[in-house]
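The values are calculated or read from the model by the stated rules, or taken from the named source; none is laboratory data. This structure is a prediction, so every number in the text was calculated from the model and none was measured. Don't worry about glycine lacking a Cβ; one is built from the backbone with ideal geometry, like all the others, and counts go over all protein chains shown. Just so you know, the surface numbers come from the protein's heavy atoms only, side chains and all, with ligands and any DNA or RNA stripped out. Shrake-Rupley method; radii C 1.70, N 1.55, O 1.52, S 1.80 Å.
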Amino acid sequence: MKFLKWLLIVLIVLVALFFFVGKPYMLKQTKKKSPEKTVTHIKDDFDLSVTYSSPFKKGRVIFGELVPYDAVWRTGANEPTTFSTKTDVKIIDKNLPAGTYSIWTRPQREYWTIMFNKEVPEWGVTFLSGGSETSRDPSQDVIQVQVPVEKLPSPQESFTIGFEDGKQLYLSLFWDDTKVKVPINP
């Protein structure tokens, strides 16, 4: 009985060490390799921001290999990418209420499906899958849209998200030789 009590105490201490020391350390280390970035767009009727972690190409084939086609990607590294809007907007023609959402993508060769989800899970991937499976709950998707793929003239070394503002505002995602643009309307 005494042995079981000590075993339980040791297990509790080990779990606490993982959550309060190991996990924050791992997160800090991964952000050295894929730095966290935030981009904003505050103009006219928009007050938008995106926070994401930007991995690097490092000579790898990105889409179709590192990021498989037809599989949901957490869209960046470390944690899910978040999209925040202070006002209601339309993504293409679908209403997205003011709030903060996680962005998930399903890359294809010719188009990507972009998903805005109510939940922002801590890591965005399952630990037991070694990061190959996302922790996204599809029932929490607010909207899904499809956008065409554009090929870049030269490879982009780091995964980048930004806003392009002209006649139309776009949320742009690009990496390697691939770019997608998501129209945003008031």
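What aspartates and glutamates could a cross-link reach from Lys86, if we take a straight Cα to Cα line under 12 Å and drop same-chain neighbours fewer than 8 places away?
Cross-link targets: Asp45, Asp47.
If you add up the charges near Phe174, with Lys and Arg at +1 and Asp and Glu at -1, over every other residue whose beta carbon is less than 14 angstrom from its beta carbon, what do you get? Spell out each step's value before the answer.
Working: positive: Lys37, Lys57, Lys151, Lys179, Lys181; negative: Glu150, Glu157, Glu164, Asp176, Asp177.
That works out to 0.
Rank by packing, highest mean first: peptides 73-82, 98-107, with packing defined as the count of other Cβ atoms within 10 Å averaged across residues. Walk me through the intermediate numbers first.
Values: 73-82: 23.3, 98-107: 19.4.
Going by the mean number of other Cβ atoms within 10 Å, highest first, we get 73-82, 98-107.
What percent does the relative contact order of segment 40-83 come to when contacts are Cα pairs within less than 8 Å and at least six residues apart? Kindly include the intermediate steps, with their values, before the conclusion.
Numbers: 37 pairs, mean separation 19.8, N = 44.
That works out to 45 percent.
Among 51-59, 171-179, 87-95, what's the highest-first ranking by average C-beta atoms within 10 angstrom per residue?
Going by the mean number of other Cβ atoms within 10 Å, highest first, we get 171-179, 51-59, 87-95.
Determine ³J(HN,Hα), in whole Hz, for all residues of segment 35-46 in sequence, where each value follows from phi through the Karplus function 6.51 cos²θ - 1.76 cosθ + 1.60 and θ = phi - 60°; x replaces Gly and Pro.
After applying 6.51 cos²θ - 1.76 cosθ + 1.60, I find x, 7, 9, 10, 10, 10, 9, 10, 6, 6, 8, 10 Hz.
Can you pull the percent of segment 36-186's accessible area that's carbon plus sulfur, 1.4 Å probe, other chains left in place?
Values: 3640 of 7520 Å².
Ligands and nucleic acids excluded, carbon and sulfur give 48 percent.
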